[in-house]
């Protein structure tokens, strides 16, 4: 079974069935990778450095010889590790219908390195020799990153879930997922809630490149077609999903990460379904959610926005916090966030035609979800 070189479009299609093996160094993988990929480094970071130095300072042949010294010692362990990965993946398809599982080729793997060069070629040779069916990504991870950036240029059919801070938008996003609606959870992908308090008790945020990989994959999973060179010129005739993608209204920055500019511009042109919830109801919700957190943690979050909040309001908020008057503290913060959200909301072109206000009496996720869906149905008629 000769090694089969395939395009990024074919690679991603097969990745839904077969394991992806990333043979770049651990440092490259940690920086960012294909979300489903297994790290199977041909070289350690130090070994890669030595091979690269030999290539630049001596010759291609010298670099290959050094690489073979490292590779030869790892061959058996690498094959055995891949056998375990393949067994685990194949056991996961037992739940498929017989007609689906019969289409799968046993012992198949997808391999890539940075540019589709010697590293992936070496591992592909070994696995092919052992008996695996090997698909090799032409252009490597570099081709994948080109595909990633292309996903943000598409004209997605978004429904923006809007509302001031404390409207329970994130809970509503999760409820829509339960309703089997098409949803992109930006804050979930970014591991951040989008405000000064967003990083509290969350996992560390991914790097920008990894965030883009996760986001592009989530967008691709919504059903928008993958365009390859043979279909690029026919893009206008391709049928896109009719159902809208629900996505929470965000500023371009989420914590330390940024929504890619082309995608953010698409979001800014999409209809906004604004949860219009009374201030006091939102204040009660915020106080209940964040009032349980440690005082020092809350204080640090307040100090992060003191430049924009202003010296006096920062001082007042911290004093209320020290006195455990949480509602008074959050009233200051909520007023601040309402002002900035209002500015961002109305700083859109044609906002009057995009804005759909949904009157809600409180932060009730199930009720507000049904109101949103009903409003969306009416808007679509």
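Values quoted throughout were computed directly from the atomic coordinates according to the rules given, and no laboratory measurement underlies them. Predicted, not measured: the structure shown is a model, and the values here were computed from it. Positions of Cβ are backbone-derived with ideal geometry, glycine not excepted, and every protein chain shown enters the neighbour counts.
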Quiz prompt | For the range 255-306: rounded, prolate or oblate by the Cα gyration tensor [a/c cutoff 1.5] | solution = oblate
Self-check item: Förster-model FRET efficiency, 25 Å R0, residue 36 and residue 153, C-beta, rounded to 0.05
Solution: 0.65
Quiz item: With contacts defined as alpha carbon pairs under 8 Å and 6 or more residues apart, what's the relative contact order of the range 4-149 in percent?
Solution: 32
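Order these by the 10 Å Cβ neighbour count, fewest first: 114, 340.
Lowest to highest Cβ neighbour count: 340, 114.
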Exercise. Calculate how many DSSP beta bridges within the chain are antiparallel, expressed in % of all such bridges and rounded to the nearest 5.
Key: 5
Exercise. Within 10 Å, count the other beta carbons around each residue, average over each peptide in 207-215, 79-87, and list them highest first.
Key: 207-215, 79-87
Self-check item: Value in Å of the Kirkwood radius, where the range 2-56 supplies the Cα pairs that are averaged
Solution: 12.7
Practice problem: Using R₀ = 45 Å, calculate the FRET efficiency as 1/(1 + (r/R₀)^6) where r is the Cβ-Cβ separation of residue 264 and residue 85; round to 0.05. | Solution: 0.75
Quiz prompt | Helix 60-91 vs. the chain, principal-axis angle (Cα, 0 to 90°, nearest 10) | solution = 60
Practice problem: Report relative contact order for the chain in percent, whole number only (criteria: Cα-Cα under 8 Å, sequence separation at least 6). | Solution: 18
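For the range 274-381, just say rounded, prolate or oblate: build the C-alpha gyration tensor, square-root its eigenvalues into a ≥ b ≥ c, call rounded for a/c under 1.5, and beyond that prolate if a/b exceeds b/c, oblate if not.
Since a/c reaches 1.5 but b/c is at least a/b, the shape of the range 274-381 is classed as oblate.
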Quiz item: Reported to two decimal places, what Rg/Rh ratio describes the range 136-184 when computed on Cα atoms with Rh from the Kirkwood expression?
Solution: 1.19
Practice problem: Jot down the per residue volume, in cubic angstrom and as a whole number, of the convex hull over the alpha-carbon atoms of the range 4-149. | Solution: 112
Quiz item: Calculated from DSSP H runs of 4 or more alone, at -39500 (n - 2.57) each and per residue, what is the 222 nm mean residue ellipticity of the chain, nearest 500?
Solution: -16000 deg cm²/dmol
Self-check item: Residue order, fewest to most surrounding Cβ atoms within 10 angstrom, among 22, 221, 128
Solution: 221, 128, 22
Quiz item: Pairing the Cα long axis of helix 45-57 with the longest principal axis of the chain, what angle in degrees results, from 0 to 90 and rounded to the nearest 10?
Solution: 60
Practice problem: Residues in the range 134-163, backbone N under 20 Å from the label point at residue 56 (7 Å along the Cα-to-beta-carbon vector): list them, ranges by number please. | Solution: 142
Quiz item: Highest mean first, what order results for 350-357, 185-192, 314-321 on Cβ atoms within 10 Å?
Solution: 185-192, 314-321, 350-357
Exercise. Compute the separation of the alpha-carbon centres of the range 19-45 and the range 285-328 and state it in Å as a whole number.
Key: 42
